[in-house]
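Trainee: I have a structure I would like to understand better, so I am pasting it below and will then ask my questions one at a time.
The values are calculated or read from the model by the stated rules, or taken from the named source; none is laboratory data. Bear in mind the structure is a predicted one, so any value in this text is a computation, not a measurement. Here Cβ is always computed from backbone atoms with ideal geometry, including for glycine, and neighbour counts include all displayed protein chains. Ligands, DNA and RNA are excluded from the accessible area calculation, which covers all protein heavy atoms including side chains. Shrake-Rupley method; radii C 1.70, N 1.55, O 1.52, S 1.80 Å.
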Amino acid sequence: MKIFGVVGYKNAGKTGLMERLVTEISARGISVSTIKHAHHSFDVDHPGKDSYRHRTAGAHQVLLASNTRWALMTELRDHPEPPLADLLAQLTPVDLVLIEGYKRDSHPKIEAFRAEPQNALLAPTDPTIRAIATDTPIDSTRPTFDLNDTKSIADFILTEVAL
C-alpha cells in the first residue's frame with residue numbers, strides 16, 4: 001500500500017482537504033483508506049449501548065457488526081499508543097492510505113496551511129513535507145497549491161506515490 005499524509009496545525013484545513021482528496025481519488029478508480037490521528041481521547045461508542053457496556057466492563061476488543069459495516073474497537077488501557085506502522089498493518093490492503101496527522105512520522109506529506117490562525121509553516125524544518133496547500137501566497141522552495149485545488153493536489157500526490 002502507498003501512503004501519503006496531510007499535516008498542519010489545528011484549523012489549517014486538513015480534514016476538509018482529506019475529505020476532498022478521498023472523493024477525488026476514489027472517483028478515479030483508486031481504492032483509498034484513511035487514518036486520522038487524534039491528540040485527545042475520543043469515543044465512537046455511546047453510553048448505554050451494548051458495545052459500550054462490553055468495553056467499559058473490561059473487554060480488550062469489541063467488534064460491532066451489522067449488515068452495512070463493522071467496527072473493531074481496541075482499548076489500550078495502560079498500554080502505549082501503537083506506532084503508525086502497526087495501525088497500517090491492521091488495514092485491508094488498498095491502493096492508497098491517506099493519513100491525517102502523524103506529522104512526526106517519516107512518510108511523505110503535504111502541509112495544509114491557512115493565513116489564519118497565523119501559525120508558522122511546518123515545512124521549512126520538515127523534509128518529509130513535499131508540498132504545501134495554502135489559502136495565501138507564501139514563499140517556499142516546495143511546490144505550492146491553492147488549498148481548494150483538489151484536482152492538482154490529488155495529481156501531485158498520485159505522482160509522488162507512483163499511482
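Trainee: Kindly indicate whether any position in the stretch 54-69 is assigned to a helix (DSSP H, G or I) and either under 30 Å from SER152 (Cβ atoms) or open to solvent by 60 Å² or more (accessible area, probe 1.4 Å) (or both).
Mentor: Of the residues in the stretch 54-69, the ones assigned to a helix (DSSP H, G or I) are 54-56.
Then drop every residue that is not either under 30 Å from SER152 (Cβ atoms) or open to solvent by 60 Å² or more (accessible area, probe 1.4 Å) (or both), which leaves 54, 56.
Taking every residue of the stretch 54-69 in turn, at least one turns out to be assigned to a helix (DSSP H, G or I) and either under 30 Å from SER152 (Cβ atoms) or open to solvent by 60 Å² or more (accessible area, probe 1.4 Å) (or both).
Trainee: Please tell me if LEU76 is open to solvent by 30 Å² or more (accessible area, probe 1.4 Å), assigned to a strand (DSSP E or B), among the hydrophobic types (A, V, I, L, M, F, W, C) and more than 26 Å from VAL161 (Cβ to Cβ).
Mentor: Taking the combined requirement at face value, the residue does not satisfy it.
Trainee: Which of the numbered conditions does GLU100 fail, given that it passes all the others? Conditions: (1) touching a residue at least 12 places away in the same chain (Cβ under 8 Å); (2) surrounded by fewer than 17 Cβ atoms within 10 Å (Cβ to Cβ).
Mentor: Single failed check for GLU100: (2).
Trainee: Got a number for residues in the stretch 29-82 being of a type in the set (Phe, Trp, Tyr) and more than 23 Å from LEU17 (Cα to Cα)?
Mentor: Adding up the residues that qualify gives 2.
Trainee: A further question follows. Got at least one residue in the stretch 95-104 being in a loop (DSSP other than H, G, I, E, B) and aliphatic (A, V, I, L, M)?
Mentor: Scanning the stretch 95-104, I find no residue that is in a loop (DSSP other than H, G, I, E, B) and aliphatic (A, V, I, L, M), so the answer is no.
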